[in-house]
Amino acid sequence: LALLVGVLGEHHIYSNEFSSTVLPAVVDTVLPSWVTTGLGILAALCDDLKNGYVSNFKALVAAEVFTDLLAQADYLIEQGYKMPAAAVCGALLENGLRQIAALKKITVKASDDLSALNQKCSQANVYSRLTHKKIQVWTDVRNKADHGQSTEYTDDDVRGMLSGVRSSVSDHLR
């Protein structure tokens, strides 16, 4: 039941059916028909996931990971670790742009770096020229962090990057 509610929500028909039909059976006496019903519900969910009928599951998992990593980057910058905070945020930005490109049916290569992804999304009019320029700045901060050039950017640059990535990526993944 926890899996069903976590993936689908408590008001989804599979969650409701499992809760009302199978769960009471576990508390009382288990009959083979209740086990069959439970397995049927789980098999139906599996089939729906495989066929893309529960499309928000992958997005929910990605959003959860994105939020967790942004929280880690926030913590790192607040503890004075701007380099790892910028690196984590840059990785999130790159991953976010890849997801945006996939959502918008933009062809990208596995070898495309952050600059190439930004250029392709901008050329496809996914976002404004101003957003493109902001992402270029964030790319520069990430590259400076990745190359150990910590005097080339400030804590405030990383905070601005975190704030911008948080809002820009989530706005364009809808």
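The values are calculated or read from the model by the stated rules, or taken from the named source; none is laboratory data. Computed from a predicted structure; not experimentally measured. We work out accessible area using only protein heavy atoms, side chains counted, and drop any ligands, DNA or RNA first. Shrake-Rupley method; radii C 1.70, N 1.55, O 1.52, S 1.80 Å.
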Count the lysine pairs in the chain whose Cα atoms lie under 12 Å apart, taking only pairs 8 or more positions apart in sequence or on different chains. 5
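Note down the Stokes-Einstein diffusion coefficient of the chain in µm²/s, whole number, using a Kirkwood radius over alpha carbon pairs, 20 °C, and 1.002 mPa s. List each step's numbers first, then the result.
Numbers: Rh = 18.7 Å.
Calculated translational D: 115 µm²/s.
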Taking protein heavy atoms only, a 1.4 Å probe, and rounding to whole percent, the accessible area of the stretch 37-174 owed to carbon and sulfur comes out at 53 percent
